[in-house]
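What follows is a set of notes on a single structure, which appears directly below.
The values are calculated or read from the model by the stated rules, or taken from the named source; none is laboratory data. As the structure is a computational prediction, the values presented were derived from the model and not from experiment. Don't worry about glycine lacking a Cβ; one is built from the backbone with ideal geometry, like all the others, and counts go over all protein chains shown. All accessible areas refer to the heavy atoms of the entire protein, side chains included, with ligands and DNA or RNA removed. Shrake-Rupley method; radii C 1.70, N 1.55, O 1.52, S 1.80 Å.
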Amino acid sequence: MKISLTINNRKKTLDVPANQTLMDLLRAQGLWSVKHGCETGDCGNCTVIAGGLAVNSCIMLAVQANGKAITTFEGVREKSGFSPVKETLMDFGDSDCGFCIPGMLMSMKALLDKISDPTEEELVDALAGNLCRCTQSVKPVQAILEAIKKIQGKW
Amino acid sequence: MLSNLKNVFRPKSIPQALALLEKNSGSILIIAGGTKLLQTKNNIVQELVDITGLELNYMNDEDGLTRIGATTPLQKLVESQKSKNLANGIVSQAAQLSHRSKMIRNVSTLGGELVTTSSLSTLYCALLVLQAQVRIAGGEEFALAMNIFLNKKNLGGGLLVEVIIPAMEPQTYAALAPVFHTGKPLLCACVRISLSKRKCQIAKIAITSTERVPQRLHTIEEYLEGKPFTPAIIETAADKAAEQFIPISDSLASKEYRQEVSHSAVKKALLKCLDHAESAI
Ligand code: FES
Ligand code: FES
């Protein structure tokens, strides 16, 4: 099936199988930050932003992304404002394997794009679908909260 | 993975969608958010009808009725001011409780949630006590009361297009009270109370738990109606909840435990209504 979409600001028209997930499509494009975790919407490792919203790309068909703007972690990592986030994550020693981090950061970005100064409750809710097997999510959430204070709306 | 999926249709109107469903019965399904379908790894479905182009993503007030389109995402129900203002916010809170993950709520729709729920649906329960109706398109368009819709096995080729919530009588208050166990919702009590001169005129109480269909607690409703709405009466009503509510045991909790906590859930929801009533004075 033919679909047209924007991936990290690049317009693309692609021919995709009807049953291909958005996660598989993005990984086939070399976007390896989109992690292949549970495939059931439980872990959030495959989180991307589609049409301005954080979504689990493993439980969305590629054809459902037709006409949407998709952003993966590759599309934001060079952005100004990301360095303090990266430094804070390192300061907090928040991750072991790091597998969950791109998904968490995409959930964080989707939130910050809407609310520049979220409350802890809003952040915890935004990250509730992102599981960290190594740290039980406590440290990454603390680190992201701290990072948000540092970047002060400059994301 | 939907291993046998061959085609996804994107109709632009309800008649087009219905015609597709009729022509391709058997291995065709409706998709809106699609989160549940993709989680289940269905190997039978060959074609999908994507109804997100039917402009059913809305929440309107019309002649005192609130109409919510079937493809309205759950997160929109959580966030919209309209839904927060409706019935003391129980629709918004119920939508939030539907899924822990915001990513899923961003995509899952009201219609999808109602059609595919197998157990513990806070949205069903909230809509049940608000005496909502669902409008089905297909053949003759018809509306079904939520309790009848809940007991239907399928829509016979029809399409759920919207949920209609009637206007609430003056001095009507609503609340829900979930009970969690290790982070997972165990049950949730939903209540709606209409008062007149501090006496309860109408009571609607339901608990959602292990079953798809929430249990209405008619005995407590009858007990409350006509009585002063006071903490003492609420306490007795909650005692009766534990007697009338009949859940089943599963891996999360035993039947007895669920019955015990139903007492505190019903009490908490009723006390919230009392709070709403007192702060409205
Ligand atoms: S891989 Fe998508 S949620 Fe786990
Ligand atoms: S650091 Fe390993 S899963 Fe989060």
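So that you can scan it fast, the table gives a plain yes or no per residue for (1) within 14 Å of the chain's Cα centre (by Cα); (2) closer than 26 Å to B:GLY183 by Cα; (3) surrounded by 23 or more Cβ atoms within 10 Å (Cβ to Cβ):
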site: B:LEU48; (1), (2), (3): no, no, yes
site: B:ILE51; (1), (2), (3): no, no, yes
site: B:LEU74; (1), (2), (3): yes, yes, yes
site: B:ALA137; (1), (2), (3): no, no, no
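List pairs: first in segment A:26-37 and farther than 13 Å from A:ILE7 by Cα, second assigned to a loop (DSSP other than H, G, I, E, B), Cβ under 7 Å, 6+ apart or cross-chain?
A:SER33/A:THR72; A:LYS35/A:ASN45; A:LYS35/A:CYS46; A:LYS35/A:PHE99; A:HIS36/A:CYS46; A:GLY37/A:CYS43; A:GLY37/A:ASN45; A:GLY37/A:CYS46
Does segment A:119-142 include one or more residues that are more than 14 Å from chain B (Cβ to nearest Cβ), among the hydrophobic types (A, V, I, L, M, F, W, C), over 21 Å from A:ALA50 (Cβ atoms) and more than 16 Å from ligand 1 (Cβ to nearest atom)?
The answer is no; no qualifying residue exists.
Please determine, by comparing only the residues of segment A:42-68 that are within 18 Å of B:ASP50 (Cβ to Cβ) and in contact (Cβ under 8 Å) with a residue 60 or more places away in the chain, which one is nearest to ligand 1 (Cβ to nearest atom).
Once the filter is applied, the top-ranked residue is A:ASN56.
From the list A:ASN66, A:ASN56, exactly one residue is facing chain B (nearest Cβ under 9 Å), open to solvent by 20 Å² or more (accessible area, probe 1.4 Å) and touching a strand residue (DSSP E or B) at 6+ places or on another chain (Cβ under 7 Å). Which is it? Full working, then the answer.
Numbers: A:ASN56 fails: open to solvent by 20 Å² or more (accessible area, probe 1.4 Å).
From the options A:ASN66, A:ASN56, the qualifying one is A:ASN66.
Any idea how many residues of segment A:59-100 are more than 14 Å from ligand 2 (Cβ to nearest atom) and among the acidic types (Asp, Glu)?
The total comes to 4.
Does A:PRO102 qualify as being within 14 Å of another protein chain (Cβ to nearest Cβ), in contact (Cβ under 8 Å) with a residue 12 or more places away in the chain and assigned to a loop (DSSP other than H, G, I, E, B)?
On the way: within 14 Å of another protein chain (Cβ to nearest Cβ): yes; in contact (Cβ under 8 Å) with a residue 12 or more places away in the chain: yes; assigned to a loop (DSSP other than H, G, I, E, B): no.
Answer is no for this residue.
Please specify each residue of segment B:262-273 satisfying the condition of being open to solvent by 20 Å² or more (accessible area, probe 1.4 Å) and either in contact with a strand residue (DSSP E or B) (Cβ under 7 Å, 6 or more places away or on another chain) or not charged (D, E, K, R) (or both). Explain how you work it out, then say what you get.
Looking only at segment B:262-273, we keep the residues that are open to solvent by 20 Å² or more (accessible area, probe 1.4 Å), and these are B:263-264, B:267-268, B:271-272.
Of everything in segment B:262-273, those that are open to solvent by 20 Å² or more (accessible area, probe 1.4 Å) and either in contact with a strand residue (DSSP E or B) (Cβ under 7 Å, 6 or more places away or on another chain) or not charged (D, E, K, R) (or both) turn out to be B:HIS263, B:SER264, B:LYS268, B:LEU271, B:LYS272.
What strands (runs of 3 or more DSSP E), lying completely within segment B:1-56, carry at least 2 residues that are within 12 Å of another protein chain (Cβ to nearest Cβ)? Before the answer, list the steps.
Values: elements: B:7-9, B:28-31, B:47-50.
Where strands (runs of 3 or more DSSP E) fall fully within segment B:1-56 and carry at least 2 residues being within 12 Å of another protein chain (Cβ to nearest Cβ), they are B:7-9, B:47-50.
Output yes when any residue across segment B:89-112 is modelled with pLDDT of 95 or more and on the phi > 0 side of the Ramachandran plot, and no when none is.
Taking every residue of segment B:89-112 in turn, at least one turns out to be modelled with pLDDT of 95 or more and on the phi > 0 side of the Ramachandran plot.
Output the number of residues of segment B:107-129 satisfying the condition of being open to solvent by 20 Å² or more (accessible area, probe 1.4 Å) and within 14 Å of another protein chain (Cβ to nearest Cβ).
Step one: filter segment B:107-129 for residues open to solvent by 20 Å² or more (accessible area, probe 1.4 Å), giving B:107, B:112, B:115-116, B:118-120.
Filter once more, keeping what is within 14 Å of another protein chain (Cβ to nearest Cβ): B:107, B:112, B:116.
So the count comes out to 3.
Answer with yes or no whether B:VAL191 is modelled with pLDDT of 95 or more, within 20 Å of B:ILE68 (Cα to Cα) and in contact with a strand residue (DSSP E or B) (Cβ under 7 Å, 6 or more places away or on another chain). I'd like the intermediate steps shown before the answer.
Values: modelled with pLDDT of 95 or more: yes; within 20 Å of B:ILE68 (Cα to Cα): no; in contact with a strand residue (DSSP E or B) (Cβ under 7 Å, 6 or more places away or on another chain): yes.
Taking the combined requirement at face value, the residue does not satisfy it.
Out of curiosity, is A:THR72 within 16 Å of ligand 1 (Cβ to nearest atom), touching a helix residue (DSSP H, G or I) at 6+ places or on another chain (Cβ under 8 Å) and among the β-branched types (Val, Ile, Thr)?
Against the criterion (within 16 Å of ligand 1 (Cβ to nearest atom), touching a helix residue (DSSP H, G or I) at 6+ places or on another chain (Cβ under 8 Å) and among the β-branched types (Val, Ile, Thr)), A:THR72 qualifies.
If you go through segment A:69-94, how many residues are assigned to a loop (DSSP other than H, G, I, E, B) and either open to solvent by less than 50 Å² (accessible area, probe 1.4 Å) or within 14 Å of chain B (Cβ to nearest Cβ) (or both)?
Our first condition is that a residue be assigned to a loop (DSSP other than H, G, I, E, B); within segment A:69-94, this holds for A:72, A:76-81, A:92-94.
If we keep only those that are either open to solvent by less than 50 Å² (accessible area, probe 1.4 Å) or within 14 Å of chain B (Cβ to nearest Cβ) (or both) as well, we get A:72, A:76, A:81, A:93-94.
Number of matching residues: 5.
Restricting to segment A:8-27, what's the tally of residues that are more than 12 Å from every other protein chain (Cβ to nearest Cβ) and closer than 20 Å to B:GLY34 by Cβ?
The first filter runs over segment A:8-27 and keeps only residues more than 12 Å from every other protein chain (Cβ to nearest Cβ), leaving A:8-15, A:25-27.
Those left that are additionally closer than 20 Å to B:GLY34 by Cβ: A:14, A:25-27.
Final tally of qualifying residues: 4.
Among the residues of segment B:9-29, is there at least one that is closer than 20 Å to B:ARG135 by Cβ, open to solvent by 20 Å² or more (accessible area, probe 1.4 Å) and among the aromatic types (Phe, Trp, Tyr)?
Among the residues of segment B:9-29, not one is closer than 20 Å to B:ARG135 by Cβ, open to solvent by 20 Å² or more (accessible area, probe 1.4 Å) and among the aromatic types (Phe, Trp, Tyr), which makes the answer no.
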